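What follows is a short report on a single structure.
The values are calculated or read from the model by the stated rules, or taken from the named source; none is laboratory data. Small disclaimer: the values here were computed from a predicted structure and weren't measured. Backbone-built Cβ (ideal geometry, glycine too); neighbour counts: all protein chains shown.
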Amino acid sequence: MTIVEIGLPKRLVELTLDGESVRVPEGATILDACTASGKSIPTLCYGDTLKPANACRVCMVEVEGSRTLVPSCSRKVEPGMVVRTDSERTTHSRKLVLELLGSATDLSTTPHVDEWMSACGADPSRFGPSAPPSQDRDERRPGEHEEIDGSVAATVRQPTKVDNPLYVRDYGKCIMCYKCVDACGDQWQNSFAISVAGRGFDARISTEFATPLPDSACVYCGNCIEVCPTGALSFKREHDKREDGTWDESKQTETTTICTFCGVGCNLTLHVQDNEIVKVTSPHESTVTHGNLCIKGRFGWQHVQNR
Amino acid sequence: MSRRKKTEPYVRLTQPLVRDSGILRPATWDEALDRAAEGFRRNVANGGPDAFGMFSCARATNEMNYMAQKFTRAVIGTNNVDSCNRTCHAPSVAGLAKVFGSGGGTSSYQEIEDADLIVLWGSNAREAHPIFFQHVLKAVNKGAKLYVVDPRLTSTGKWAHKWLRLNVGTDIPLAHAIAREIIASGLTNMSFVERATEGFDEFVKAVEPWTLPVAELETGVPAELIRELAHAYAKADRGQLSWTLGITEHHNGTDNVLSLINLSLLTGQVGRYGAGLNPLRGQNNVQGGGDMGAIPDRLPGFQDITNPDVAKKFNDAWGSNFKAAKGWNLTQMLEAMERGDMTTVYIIGENPVQSEADCEHTIKRLSNLDHVVVQDIFLTKTAQLAHVVLPAAAAWCETDGTFTNSERRVQRVRKALTPPEGARDDIEIMGEIATRLGADWQHKTGEDVWDELRSLSPIHTGMTYERLEKLGGIQWPCPSEDSLEPSFLHGRLWEEDPVKRGMPATFSPVPHSPPVDELTSEFPFRLTTGRRLDSYNTGVQSGGFESPLRMGETLDLCPQDAAALGVTAGEEVRITSRRGQIQAPVRIDDGLTPGLVFMTFHFPDEIDVNIITIEATCPIAGTAEYKAAAIRIDKLPVKVG
């Protein structure tokens, strides 16, 4: 017989957050504690339905007694912990991290990043003009590095991949946060269609042997797009509407309803613009989906608007 | 690989149609509604209320289904109301209701994650219920064992720790052999059996002949694997048994379901957190349609229609006078059409012409009718046969209401889109017809209808829209607005007090009955049907989007059979059954074994697989044996020139 752990009730832990005493359930992270007390900590790689990846380093905070800053998204609270989220050290760290990300990556579709940058005075352009997009990122092997002359800032820019009717992959916007890999892998979808290939600055998200998506294990559930924080992954419909200038979030409504296909009862949030469904997401707090859908729920809505 | 012929996607209906001189022509709403009502009145006047049948819609809201059965019972005065649950899980509802008193899956999705043993029987959940399967995989990744019972090695089976490859239609021998092994090994949960069940001794006798070697011969599953599953299930702390249409779409589907329920009774794997029985429902609201009484033998909330007190409660509430007797189910309605006893039918959002087995036969039967009214979002093949076609709003995104899912969770459906100009809400259309038939029906919003239902159905009484919103849906039963029941059903079976324990669960010593469509030298291949991930049923909805995964209809067969027939992937072949003939391209699938072939039913406009399936139906639930047809495959003659 296999034993499956189904958990025990949680106790409350008391800690000090920016000088104030707060109590949160044991096992919570510093980020959870901040959210519970109304503090907004910038983060890119944190996903409310995923295990912390500790990749982006945007959410670093200071913990008294710790030599280094700690990632608030993964560090669990401890009794008596003293945490500072807005010290000079945290601001300085966030500034540099955002500058490096902003210089190497296209953050133009990353929500809130402009506010965060101006709050900490980040200026990605100080590393110089961006290097032009490269054509060979998918083929680079570890160790085969071109010497950089320092005249331009290195970037991950590359052509946008449009190889199927449902998804667009614009890896020039990818910050390597791993969320898509985790959503596609054993945390949710278990399709393992994508993973990290390469090393160091050449690391990128890739299908097996960098094949186009239709030749990969992808089943088009869109659960990677659901968690992508920068718009590197997007739905084709959204991508096309952004390209032709008709994507307008201020004119969109979001209404949560139930999928019309099988009987599992997945919650769908329909993003509607001009009485047309333009995107489908799923509420992350739904006990049925936890933000995940299949190809039918994610894309199977066009039939109602073939009018 | 793609040999798919391009078919135009369906376009929304926005104008009512009426048939004149054999041709459907556009009409005004008033004209169409008058015609619809007049036809119903004429047929009921001639043939009595039972000349009328309602095909309600498992895709529409609970509110619409409640009103559809109310229309049938209160306005027309018959109990002839049913829905497409007949083509899929009616045996599950019948089996569970027979043993436990209510026809729902007994566990919640969270409990699946917390199970330590999961058996998926006749279910390709990875493709047909992908998000349910994510809950299964959560459990597997935590250490639970997964057993998959299926004639095909599907993408679900590939995740199993053990795959039990049984011959099509030998589910009962396999279940009985598992039961016998549990009993013979002393693993029966005797305290549960003695306290909560009936008929154990008779059951022991019934399974006695199914020793492991005998079962291996009949089912094709190695004795050692049967033994392993029996021991694993009996010893599990929290064992989950889930099934889909591999169990129900047989001529003895209800018996198949009962044979699985037996295993849970034997081991006490029901009525506890994490242990349970779960039919995975195939349509967004097929659970709700039955819960709302849009079935011929139950009133809303699974209340027994043959109980005069129950019928009186509803008649008093509605000011109506329907009989406390079962109506005809969908299968019986189709037979009544053939006899001429049923002459008019109101079809809401169903496409029986393409979804029923042996569809040529269904077309003939519908063509017999004096008056067919179809209410749909598209001009489906069924709508094309109608005398009046009424354009409806799409339930899931253009109306307000609720759906009920496979874990009995009632969840809010919300209007996100304005329906196209000309299409109307289902409940509103029905109200217009009811008014024309002289009923005093005021238009009600979804919430008003729901509140009426709550006043009549105790299992829904506590579910206000406000609570559904706040709690992210509520699972039935929910009798009180102040509390919530446990997430699993039938906990009463474990009570010490016999009064609280209530009706005991009865073992079912069901007999084995092999598929009706026999394999012979003329028809040597067993054809089974199922779904693929990116497509859905008759494809009316899923055909609306472009999928990179879609390959169109194929005849899947194993490499050995392909070699023996001398056919290769992509080659068009002729497929013949005792009922008809079609052509389809070959696809090679390693997951099949010699003699077993597979097709979907997603592309009926191009290749109509239900021309060759068999309409042998389960006598209890009326579900057809889609899963087991006998066919022959012929290589096409080479074209000369």
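Tabulated results
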{"quantity": "Residues within the range B:430-452 that are closer than 15 Å to residue B:400 by Cα and away from chain A (no Cβ under 14 Å), tallied", "calculated": "8"}
{"quantity": "Residue under evaluation residue A:26, criteria (1) closer than 17 Å to residue A:229 by Cα; (2) in contact (Cβ under 8 Å) with a residue 12 or more places away in the chain, criterion not met", "calculated": "(1)"}
{"quantity": "Residue count, the range B:113-148 (criterion: of a type outside the set (Phe, Trp, Tyr) and not in a helix (DSSP H, G or I))", "calculated": "16"}
{"quantity": "Checking residue A:236 against (1) more than 7 Å from chain B (Cβ to nearest Cβ); (2) in contact with a Gly (Cβ under 7 Å, 6 or more places away or on another chain), the condition it does not meet", "calculated": "(2)"}
{"quantity": "The range B:76-98: number of residues that are at pLDDT 95 or above and surrounded by fewer than 24 Cβ atoms within 10 Å (Cβ to Cβ)", "calculated": "2"}
{"quantity": "Selected residue (criterion: farthest from the chain's Cα centre (by Cα)) from residues of the range B:508-547 that are over 20 Å from residue B:124 (Cβ atoms) and within 12 Å of chain A (Cβ to nearest Cβ)", "calculated": "B:546"}
{"quantity": "Residue check, residue B:468 hydrophobic (A, V, I, L, M, F, W, C), closer than 22 Å to residue A:267 by Cβ and touching a Lys or Arg at 6+ places or on another chain (Cβ under 6 Å)", "calculated": "yes"}
{"quantity": "Close pairs from the range B:277-304: first under 14 Å from residue B:91 (Cβ atoms), partner among the β-branched types (Val, Ile, Thr) and surrounded by fewer than 24 Cβ atoms within 10 Å (Cβ to Cβ), Cβ under 6 Å, at least 6 apart", "calculated": "B:297/B:305"}
{"quantity": "Flag for residue B:92 being more than 14 Å from chain A (Cβ to nearest Cβ) and touching a residue at least 24 places away in the same chain (Cβ under 8 Å)", "calculated": "no"}
{"quantity": "Members of the range A:165-203 found to be within 14 Å of chain B (Cβ to nearest Cβ) and over 19 Å from residue B:141 (Cα atoms), listed by number", "calculated": "A:165, A:166, A:167, A:168, A:169"}
{"quantity": "Filtered residues of the range B:242-273 (kept if within 14 Å of chain A (Cβ to nearest Cβ), closer than 18 Å to residue A:264 by Cα and either assigned to a helix (DSSP H, G or I) or among the small types (Gly, Ala, Ser) (or both))", "calculated": "B:242, B:245, B:248"}
{"quantity": "Matching residues, the range B:487-505, being small (Gly, Ala, Ser) and in contact with a helix residue (DSSP H, G or I) (Cβ under 9 Å, 6 or more places away or on another chain)", "calculated": "B:487, B:502, B:505"}
{"quantity": "Whichever residue in the range A:82-133 is charged (D, E, K, R) and out of contact with any helix residue (DSSP H, G or I) (no Cβ under 6 Å at 6 or more places or on another chain) and, among such residues, is surrounded by the most Cβ atoms within 10 Å (Cβ to Cβ)", "calculated": "A:84"}
{"quantity": "Among (1) more than 14 Å from chain A (Cβ to nearest Cβ); (2) assigned to a loop (DSSP other than H, G, I, E, B); (3) surrounded by fewer than 16 Cβ atoms within 10 Å (Cβ to Cβ); (4) at pLDDT 95 or above - the single one residue B:455 does not satisfy", "calculated": "(2)"}
{"quantity": "Residue satisfying all of: in the range B:409-421; outside any strand (DSSP E or B) and in contact with a Leu (Cβ under 8 Å, 6 or more places away or on another chain); nearest to the other protein chains (Cβ to nearest Cβ) among these", "calculated": "B:416"}
{"quantity": "Evaluation of residue A:203 against (1) more than 28 Å from residue A:139 (Cβ to Cβ); (2) out of contact with any Gly (no Cβ under 7 Å at 6 or more places or on another chain) (one fails), failing number", "calculated": "(1)"}
{"quantity": "Positions within the range B:319-334 being buried (at least 16 other Cβ atoms within 10 Å of the Cβ) and under 26 Å from the mean Cα position of the chain (by Cα), in sequence order", "calculated": "B:324, B:326, B:327, B:328, B:329, B:330, B:331, B:332, B:333, B:334"}
{"quantity": "Given (1) in contact with a Gly (Cβ under 6 Å, 6 or more places away or on another chain); (2) of a type in the set (A, V, I, L, M, F, W, C); (3) closer than 19 Å to residue B:15 by Cα, index of the condition residue B:389 fails", "calculated": "(1)"}
{"quantity": "Within the range B:99-112, tally of residues that are modelled with pLDDT of 90 or more and not in a helix (DSSP H, G or I)", "calculated": "4"}
{"quantity": "Hits in the range A:291-306 - residues which are assigned to a helix (DSSP H, G or I) and either within 18 Å of residue B:282 (Cα to Cα) or within 7 Å of another protein chain (Cβ to nearest Cβ) (or both)", "calculated": "A:295, A:296, A:297, A:298, A:299, A:302, A:303, A:304"}
{"quantity": "Filtered residues of the range B:562-584 (kept if in a loop (DSSP other than H, G, I, E, B) and charged (D, E, K, R))", "calculated": "B:571, B:578, B:579"}
{"quantity": "Filtered residue count, the range B:404-430, keeping only those that are in contact (Cβ under 8 Å) with a residue 24 or more places away in the chain and either under 15 Å from residue B:68 (Cα atoms) or more than 22 Å from the chain's Cα centre (by Cα) (or both)", "calculated": "11"}
{"quantity": "Subset tally (residues that are touching a residue at least 60 places away in the same chain (Cβ under 8 Å) and either assigned to a strand (DSSP E or B) or small (Gly, Ala, Ser) (or both)) for the range A:251-285", "calculated": "0"}
{"quantity": "Among residues of the range A:64-81, those that are surrounded by 14 or more Cβ atoms within 10 Å (Cβ to Cβ) and more than 25 Å from the chain's Cα centre (by Cα), counted", "calculated": "1"}
{"quantity": "The range B:511-549: number of residues that are more than 22 Å from residue B:59 (Cβ to Cβ) and in contact (Cβ under 8 Å) with a residue 24 or more places away in the chain", "calculated": "17"}
{"quantity": "Output for the range B:340-354, where each listed residue is buried (at least 24 other Cβ atoms within 10 Å of the Cβ) and of a type in the set (Gly, Ala, Ser)", "calculated": "B:349"}
{"quantity": "Selection status of residue B:206, out of contact with any Asp or Glu (no Cβ under 7 Å at 6 or more places or on another chain), touching a residue at least 12 places away in the same chain (Cβ under 8 Å) and not polar (S, T, N, Q)", "calculated": "yes"}
{"quantity": "Members of the range B:585-641 found to be basic (Lys, Arg), in a loop (DSSP other than H, G, I, E, B) and either within 24 Å of residue B:570 (Cβ to Cβ) or without any contact (Cβ under 8 Å) to a residue 24 or more places away in the chain (or both), listed by number", "calculated": "B:639"}
{"quantity": "Answer from B:519, B:527, B:493 - the residue that is assigned to a loop (DSSP other than H, G, I, E, B) and in contact with a strand residue (DSSP E or B) (Cβ under 7 Å, 6 or more places away or on another chain)", "calculated": "B:519"}
